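Only one structure is covered here, and it is reproduced in the block below.
Every number in this text was worked out from the coordinates using simple rules, so none of it is lab data. Small disclaimer: the values here were computed from a predicted structure and weren't measured. Backbone-built Cβ (ideal geometry, glycine too); neighbour counts: all protein chains shown.
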Amino acid sequence: MSCLITAGYAADCSNAVGGIKEIYISDYYDVIGDAGTTMTSNNITVVPATTVYPYVFRPENAGLDIAVSTDATNGVTFDEQTLTLRFNNFTLAALDLFRQIAYARPIVFALDRQEQMWLLGGRNGMQVQDMRGSAGKMFADGNGFDITLIGREKTTPTVGTPVPGAANYPFDAVTGITVG
């Protein structure tokens, strides 16, 4: 098999902001391997009917890193997806809710602050690597939960390009998703 480089990359304008604006979590199913999924050029436009649940963040409280890992000896390349989340308010109800995520193997749709939607864990699911709750010690200490989810996938597809203000935003560019 030939692995050719087919394009270059030009530096873009310095008008980007970082962070994840919101995520949508669903129970696990193999989105990418499902016959009802339509994907073109690593962009998903149709998924089987599924319900997702929203989690919204304040600026600088959620981030996404995608590391492309390669092992030349074994001939493998994959994306390691690391989603870091900060939730305010250390409560028993929040602990119970977040524990459900730790028990499960969810898929996550992550909307970044550039209005790009990413599918995380689309074939293998995401796993909670670490979840810590803290009441803090001092008045100004953080009070809440830090959660890190890890996914390993062949690639990290996008889910259309959401248009703010459109009907069914941020899933206006993909069919089959209902926000619960």
*Whole-Hz Karplus ³J(HN,Hα) for the range 145-152, in order, using 6.51 cos²θ - 1.76 cosθ + 1.60 and θ = phi - 60°, x for Gly and Pro?*
10, 10, 10, 10, 10, 10, x, 10
_Using only the alpha-carbon atoms, how far is helix 92-103 inclined from the longest principal axis of the chain? Give it as 0 to 90 degrees, nearest 10._
30
_Expected 222 nm ellipticity per residue - DSSP helices of 4 or more, -39500 (n - 2.57), all of the chain, to 500_ = -2000 deg cm²/dmol
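Within 10 Å of each residue's Cβ, count the other Cβ atoms and sort Ser41, Ser134 from fewest upward.
The fewest-first ordering by Cβ neighbours comes to Ser41, Ser134.
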_3J(HN,Hα) from dihedral phi, the range 8-13, Karplus parametrisation 6.51/-1.76/1.60, rounded to Hz, x for glycine, proline_ = x, 9, 9, 4, 8, 5
*Compute the relative contact order of the chain as a whole-number percentage, counting only Cα pairs closer than 8 Å that sit 6 or more residues apart in sequence.*
27
*Could you pull the Cα extents of the chain along its three principal axes, largest to smallest, in whole Å?*
58, 40, 37
_Between Val17 and Thr38, how high is the FRET efficiency from 1/(1 + (r/R0)^6) when r is the Cβ-Cβ distance and R₀ = 25 Å? Nearest 0.05._
0.25
